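A quick write-up on the structure given underneath.
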């Protein structure tokens, strides 16, 4: 059964990647005319192909935070586990115990994400591997179990059964 789920997930992702060239697009290609469908395809394509978010390019999960700082400059807000680039709508979570400060996850909170509703996401990608209502947010997770895990963070589903997307996180898949 687990192998079947992985196969179906892989086929869905392959379809998404090849159905629209935007899956390989850089962050420069995102315009104010991006549709929710296109955004979802870009999110999943970038996560699968390079473990990037829409706003994080050219940086990926596994890269060094030092590499980001060299290119983008110092973060606007820095803690022991996160570097926030608010003006770029992105947060890099990193492992401070490594000398290079390895990026372990990327949070993306681009305002365009709020055009995506839960029903659109499920209609386009299918059923997630998990859905959890917690601390006023609704977390929806998709993964291929090999390359990536994407956690979509929606407004509470208690308030609205078809909530808007607030942000999402890209990280490596954990087997």
Checklist entry - assigned to a helix (DSSP H, G or I) and at pLDDT 95 or above, is that true of residue 68? => result yes
Item to check | Complete set of residues in segment 164-175 that are buried (at least 18 other Cβ atoms within 10 Å of the Cβ) and within 19 Å of residue 82 (Cβ to Cβ) | outcome: 167, 168, 169, 170, 171
Next on the checklist: Tell me whether segment 58-65 contains one or more residues that are assigned to a helix (DSSP H, G or I), farther than 15 Å from residue 169 by Cα and touching a strand residue (DSSP E or B) at 6+ places or on another chain (Cβ under 6 Å).
Outcome noted: yes
Next on the checklist: Being modelled with pLDDT under 90, closer than 23 Å to residue 147 by Cα and surrounded by 13 or more Cβ atoms within 10 Å (Cβ to Cβ): is that true of residue 29 here?
Outcome noted: no
Next on the checklist: Here is a check on your reading of the model: is residue 99 at positive phi and surrounded by fewer than 17 Cβ atoms within 10 Å (Cβ to Cβ)?
Outcome noted: no
Checklist entry - In segment 109-175, which strands (runs of 3 or more DSSP E) lie fully inside it and hold 2 or more residues that are closer than 14 Å to residue 44 by Cα, in contact (Cβ under 8 Å) with a residue 12 or more places away in the chain and touching a helix residue (DSSP H, G or I) at 6+ places or on another chain (Cβ under 8 Å)? => result 137-143, 149-155, 165-171
Item to check | Restricting segment 77-88 to residues that are surrounded by fewer than 12 Cβ atoms within 10 Å (Cβ to Cβ) and in contact with a strand residue (DSSP E or B) (Cβ under 8 Å, 6 or more places away or on another chain), the residue that is farthest from residue 52 (Cα to Cα) | outcome: 77
Checklist outcome for this item: Quick count over segment 76-88, residues being in contact with a helix residue (DSSP H, G or I) (Cβ under 7 Å, 6 or more places away or on another chain) and in a loop (DSSP other than H, G, I, E, B), is 1
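For (1) loosely packed, with under 14 Cβ neighbours inside 10 Å; (2) within 19 Å of residue 56 (Cα to Cα), each residue gets a yes or a no:
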residue	(1), (2)
90	no, yes
93	no, yes
105	no, yes
109	no, yes
117	no, no
148	no, yes
162	yes, no
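The values are calculated or read from the model by the stated rules, or taken from the named source; none is laboratory data. Worth saying up front: this structure is predicted, and the values here are computed from it rather than measured. Here Cβ is always computed from backbone atoms with ideal geometry, including for glycine, and neighbour counts include all displayed protein chains.
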